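Notes to accompany the following structure.
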Ligand code: PGU
């Protein structure tokens, strides 16, 4: 008996093999893996329209001038050090981030009903918020996400202890919002579920509800279903070019006095992708609850990564707290949004010139960083193989990856793919 147990517990390593020999090769990430494949492609004409990251007219990543200024200021300020931050990060950063999304005159902030924690960009904010809900939410631990949505949502929330389900959002026939389908699915969901909403510039569809539709959604959330809305705000400023306009839906939901979660990212709007700067704000009904929520939020964060990093959040704090830099940032942000919009026109016109079969109006109508082209997986794979043009398999293209030089090439490739497979 003892002998057989001993032989069972002999590890492969002790026997000379690897303890990990059974580990299977995992697939590349559906979005970040596109860049891996793109980097391996030796073609001089390759174009990456995969990852949602801004590029200049020269096809280069953009370091905002205002970010550069803030960094120069940071490195020359000898009073700064690299001490640990508190568990929820830089206090001033948190306050400014809450103001940015909720409005500087937000009653919720004035009434001390907002808890904000600096987190690791949008992803980290969603994960921390998800973990908190998994532990403490008294409603249904089910989160409804739009179909389709940013793929990572479906991975983040189950790991945080929430069941993820989808609601109808996009109608491929109209290439617009399936508003009726959405409301029907929401009405059929259990009362008290969590509802994930993209605050603006929905990824991947580029389709946002109108203000009237937001109002209809809000009424279902508040009056019919007692849902907890959780906004993912990764593109504030990228949808309309205006930070305030893009915060409209979040402010409307917070303005009715109900509870809201919101995850903010500075990856896109400040171009701070690699710095991993974001914030989770939890808006509750009473200040006393906010205090207790914050204490528990710290218990979620502490064993996860202890405390957040300081550099990126210091940049954001400087920019948001200086009137001059804040104005400069808004101009640079608007220039990015405008260039993306002009790419929409150029690509649309190029397809029209080529008389590419189909209606391409949605390229003009969709909002934010992406166009959900309607190209099939087969067409996407064909364009990658034949033309070295990379996009996600669902036919999403990052408009920021286009420029005047590549538009004709991309339009030619789309034209060929559409003609070949239609
Ligand atoms: N939420 C949404 C809706 C997003 O599109 C993204 C990024 C995030 C959150 C997370 O951004 P952070 O960088 O963590 O702040 N989506 C991009 C970037 C690549 C990726 O998948 O992370 C995209 O291309 O969809």
Please state which of the following conditions residue 118 fails to meet, knowing it meets all the rest: (1) within 16 Å of the ligand (Cβ to nearest atom); (2) within 26 Å of residue 296 (Cα to Cα); (3) outside any strand (DSSP E or B).
-> (3)
For the stretch 72-91, indicate whether the set of residues that are closer than 24 Å to residue 334 by Cα, crowded, with 17+ Cβ neighbours inside 10 Å and in contact with a helix residue (DSSP H, G or I) (Cβ under 9 Å, 6 or more places away or on another chain) is non-empty.
-> no
Cβ pairs under 7 Å, 6+ apart or interchain, first in the stretch 103-127 and assigned by TED's automatic domain parsing to the domain that holds residue 314, second part of a loop (DSSP other than H, G, I, E, B) and away from the ligand (no atom under 16 Å from the Cβ), ordered by first then second residue, are 113/284; 113/285; 113/286; 117/88; 118/88; 118/90
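Residue by residue, here is whether (1) more than 16 Å from the ligand (Cβ to nearest atom); (2) surrounded by 17 or more Cβ atoms within 10 Å (Cβ to Cβ) holds:
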{"position": "249", "(1), (2)": "no, yes"}
{"position": "254", "(1), (2)": "yes, yes"}
{"position": "283", "(1), (2)": "yes, yes"}
{"position": "287", "(1), (2)": "yes, no"}
{"position": "295", "(1), (2)": "yes, no"}
{"position": "314", "(1), (2)": "yes, yes"}
Among (1) within 16 Å of the ligand (Cβ to nearest atom); (2) crowded, with 19+ Cβ neighbours inside 10 Å; (3) within 23 Å of residue 296 (Cβ to Cβ), which single condition is residue 159 missing?
-> (2)
Restricting the search to the stretch 262-281, which residues are surrounded by 23 or more Cβ atoms within 10 Å (Cβ to Cβ) and over 14 Å from the mean Cα position of the chain (by Cα)?
-> 281
Scanning for something more than 16 Å from the ligand (Cβ to nearest atom) and either more than 25 Å from residue 341 (Cα to Cα) or touching a strand residue (DSSP E or B) at 6+ places or on another chain (Cβ under 8 Å) (or both), does the stretch 268-275 turn up at least one residue?
-> no
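So which helices (runs of 4 or more DSSP H) are wholly in the stretch 1-108 and hold at least 1 residues that are modelled with pLDDT under 95 and under 30 Å from residue 278 (Cβ atoms)? Working first, answer last.
On the way: elements: 2-8, 32-40, 65-76, 91-102.
In the stretch 1-108, the matching helices (runs of 4 or more DSSP H) lie at 32-40.
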Just give me the residues in the stretch 155-198 being out of contact with any strand residue (DSSP E or B) (no Cβ under 7 Å at 6 or more places or on another chain), farther than 23 Å from residue 29 by Cα and part of a helix (DSSP H, G or I), in sequence order.
-> 179, 180, 183, 184, 187, 188
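Sort through 47, 67 and tell me the only one that's in contact (Cβ under 8 Å) with a residue 24 or more places away in the chain, within 12 Å of residue 384 (Cα to Cα) and either more than 13 Å from the ligand (Cβ to nearest atom) or touching a helix residue (DSSP H, G or I) at 6+ places or on another chain (Cβ under 6 Å) (or both). Walk me through how you get there before you give the answer.
On the way: 67 fails: within 12 Å of residue 384 (Cα to Cα).
Selected residue: 47, the only one of 47, 67 that is in contact (Cβ under 8 Å) with a residue 24 or more places away in the chain, within 12 Å of residue 384 (Cα to Cα) and either more than 13 Å from the ligand (Cβ to nearest atom) or touching a helix residue (DSSP H, G or I) at 6+ places or on another chain (Cβ under 6 Å) (or both).
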Output the number of residues of the stretch 364-391 satisfying the condition of being surrounded by 16 or more Cβ atoms within 10 Å (Cβ to Cβ), in contact with a helix residue (DSSP H, G or I) (Cβ under 6 Å, 6 or more places away or on another chain) and either farther than 19 Å from residue 37 by Cβ or in the same structural domain as residue 206 (by TED's automatic domain parsing) (or both).
-> 2
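The values are calculated or read from the model by the stated rules, or taken from the named source; none is laboratory data. Remember, predicted model here, so these are calculated numbers, not experimental data. Please note: Cβ atoms are built from the backbone with ideal geometry, for glycine as well, and neighbour counts cover all protein chains shown.
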